[in-house]
1. Ranked highest first by the average count of other Cβ atoms within 10 Å around their residues, in what order do 21-27, 758-764, 352-358 fall?
2. If R₀ is 60 angstrom, what is the calculated FRET efficiency for the pair GLU294 and GLN448, using the beta carbon separation as r and rounding to 0.05?
3. State, to one decimal in nm², a quarter of the convex hull surface area for the C-alpha atoms of segment 199-286, i.e. the direction-averaged projected area.
4. Taking the mean number of other Cβ atoms within 10 Å as a proxy for protection, how do you rank 484-491, 444-451, 289-296 from highest to lowest?
5. Measuring with a 1.4 Å probe in the full set of protein chains, what accessible area per residue, in whole Å², belongs to segment 688-768?
6. Where the accessible area of segment 688-768 is counted over protein heavy atoms with a 1.4 Å probe, how much of it, in %, is carbon and sulfur?
7. Quick one: if the Förster radius is 35 Å, what FRET efficiency do LEU62 and ARG362 give, using the C-beta to C-beta distance and rounding to 0.05?
8. In segment 69-168, which chymotrypsin sites (Phe, Trp or Tyr not before Pro) fall in coil by DSSP and have 15 or fewer other Cβ atoms within 10 Å?
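The values are calculated or read from the model by the stated rules, or taken from the named source; none is laboratory data. Here the structure is a predicted model, which means the values were calculated and not measured. Backbone-built Cβ (ideal geometry, glycine too); neighbour counts: all protein chains shown. Each accessible area value is taken on the protein alone, full model and side chains, heavy atoms only, with ligands, DNA and RNA left out. Shrake-Rupley method; radii C 1.70, N 1.55, O 1.52, S 1.80 Å.
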Amino acid sequence: MGFDQEKRTLELNGPLARRVRLALTVTAAGLWLERIGQAFWPFFSILVGFCGVALLGLHDLLPALARTLVLAGVAMALVASFGVGLWQFRRPAPHAALARVDATLPGQPLQALTDTPLIGGDDPASNSLWTAHRARMLIRLNSIRAVGPTLRLSAADPYALRLMALTVLGMGGLFGSLEQARTTTDLGSSGPDIAAGPNWEGWVQPPAYSGKPTLYLGDLKDEFDVPKGSTVTVRFYGEAGVLTLSETVSGEPIMGTNAAPDFAVRQPGEIEIDGPTGRLWDVALQPDAAPTAELIGAMTRAPAGETRQNFRLTDDFGVTRAVLTITRDPEAVEKRYGYVLPPEDRPALEVSVPLPQIGDRREIEGMIGENLAQHPFAGLPVQISLTAWDEAGQASEEAIGEAILPTRRFFDPLAAALIDVRQELLWNRENAARAAQVIRAVTVDPTQLFDDMRHYFRLREVVGVIEGREGTLSDAQLTDVAGALWEIALLLEDGQLKDALERLHRAQERLSQAMRDGATPEEIQKLMQELREATRDYMQQLAEQQGEQGDGTDMPDQGQQDGQKITGDQLQQLMDRIQELMEQGRMAEAQQLLDMLAEMLENMRVTQSEGQGQGGEGMQGLQDMLRDQQQLNDDTFSDLQEQFGGGQPRGERGEQGDQGEGQPQGEQPQTGEGQDGKGQGTEPNGQSLAERQQALRDQLARQRQSLNGADGGDEEGLGGALDRADRAMDEAEEALGQNDLSGALDSQAEAMEALREGMRQLGDQQAQSQQEQEGQQGEAGGQSGSDPMRRDPLGRAAGDTGRFGSDEQLYEGEDVYRRAEELTDEIRRRSAEQDRPEDERDYLNRLLDRF
């Protein structure tokens, strides 16, 4: 490379020379742009702003004279600004690029390489030093870069007029069109004059749900597609009849009209404007598929009896409405008892599916939750179908399934019987006479069944309404009777827990609503305190009822093999975790834990410690005996009901609560009448009800031999309670032998109450014995009283209080609840794998049912 500047030369060769030449060339071009911008920025600003206004078509709003004056003013401004720019323009000096680049390098190597020594040219030492200096400057040239232009227009344009002009041009490019810009120089036509010439305008507005913008018809190509339902608007200007419109897209073709009405695009076709400026478009419809609806999993039951069904909805533009339709399936109902009559016609039950109010509706997954426990279909086989609609009115194919409509479970025998009667009445009101007979039969001895006689008197009023009817029950009477039976059953089932339980449910519902609405931390703290207070009251009432009912066998978890024991500290930790998750915004996890808390409280069983050694075995034996006596009482009641209904025996009856959860019936049909003609039902092993009662009495005798203080003594003590149980069992056995089922029920109820009293007395003995041993346990220095060889299935040492399990914590991680959820999900996943052995899957399902 050769460079000559003020009689000095720069000689470079190779790649370095090319890099220096490129940097100087680019910098020189930037200098030219910089000088042109500084001189001609007014000219370019006026030109750019005028182009933006022309694209927007603002000139069409001006009359012809005003448009002419504006165009003339713009032209004069352009000429004047261009002239001023030429006068101010100064071309860059030849060495300006080199000086600008050299100023950015350390030591200005370009300047140094053009220098020559003034003295010492013949001195070898001076020449060697000069050569080293040039070599160092060449090394510094390796970092050479081009320098960009610097306009510095803010001082010359303090109001940023150049930026305003660019903004107008950008708006014109986005919202304007070239068609509008072409009329800029049309000085003979202004806004009102446009209508005088043959011209047209048109717009295509897609439906709002598509989210697409309005299209200008003149800017569209000859072939375009739009969503179905788009509205086309066309306007003609000029002499009537010069321009005509024809279209075949609306379903009602318009041929050769000059009225230019608005029409909707319903099908593919053509739109044609015939005339001097006419055009033809081929219109296609954008695909708009019908929505799809899917039921995910089986219909399930929440702890409080709420119906739950997971679903998935999809649509390419968004789902606007969805409905779950529930219809009764009479063919799936077994024809027995009151169901031998044909069902009354009832309309299908429609449940609106909750959809998000904001956000994307193209894919929705959620859960339908509705309390249908009091509906006439509750507890019966039903057919369900889910249908969704989109904005265009298209309906999805029905997602069809079958289920048992969940209802509330009733564990009190009398409450369950009243619910059975209510369901049969709602099936067909012709069952009214049978309903009155069953109610009278099960309440033959009210003093043994009702703690509050007001419930009995109200039940007698219901019987009076049924028996005092003229003909069949009217709709109003049926509604009143069904409502009264439901309320009485709830009073019998809940007892003193009703108020506390309602408050607890209300607190849980308010907290769930707060999660969905995004409550503030202050509101969360207030609602959590309300939940804690309601839970404390419920636990207190539950404990009081446990003190009255012994072991709580009639509590809602009686179907489980082992009652789950929950301490107040564990409940407090769970509620603290719920509040923590809500404050962190993790609402989905908080809702899962709240559902877990609701299920735990619904199914919780407050029990006393079973004690240790012989006392623990005795308590377990009495619990087993009470459970067997309860089952015998249920079977006796089933046979009594069979006598009135003439239907099939109890073996096929099934439990209403189990049907409500979709569980299969586990018993096979049994013989309704014994071979001796006494009307006693038999079990599959051939034992009659009387024989089963005798076996329970023998079992009680054996149990008394292994218990201290059970042979007699104080009438109010353990021995007295078991004596009463023995006498009641003897009377029940005698009544069963004589086919007096009603009398047997009364005696069996006395036997169960006596067994509960015996369990309370035994629990008091164990508590007293444990207090006497506390001193000895304290002297043991914290040593465990349990056998070190006793280990639970997880390898932990047995607890010190005689209960199954351990006092050790199973897991002490940072997030015990998350770990619990992971374990539950893994158990659920394995239980769904069909290739696993059936025994293993049954075990996993039992784990899920318990935890």
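1. Values: 21-27: 16.9, 758-764: 22.6, 352-358: 11.7.
Highest to lowest by the protection proxy: 758-764, 21-27, 352-358.
2. After rounding to 0.05, the efficiency reads 0.70.
3. 5.0
4. Working: 484-491: 19.4, 444-451: 14.4, 289-296: 17.6.
Averaged packing, sorted descending, gives the order 484-491, 289-296, 444-451.
5. Working: 3410 Å² over 81 residues.
Solvent-accessible surface per residue comes out at 42 Å².
6. The computed percentage sits at 39.
7. Working: r = 46 Å, r/R0 = 1.31.
With a Förster radius of 35 Å, E is 0.15.
8. Values: sites: PHE82, TRP87, PHE89, TRP130, TYR159; in loops: PHE89, TYR159.
Those satisfying the criteria are PHE89, TYR159.
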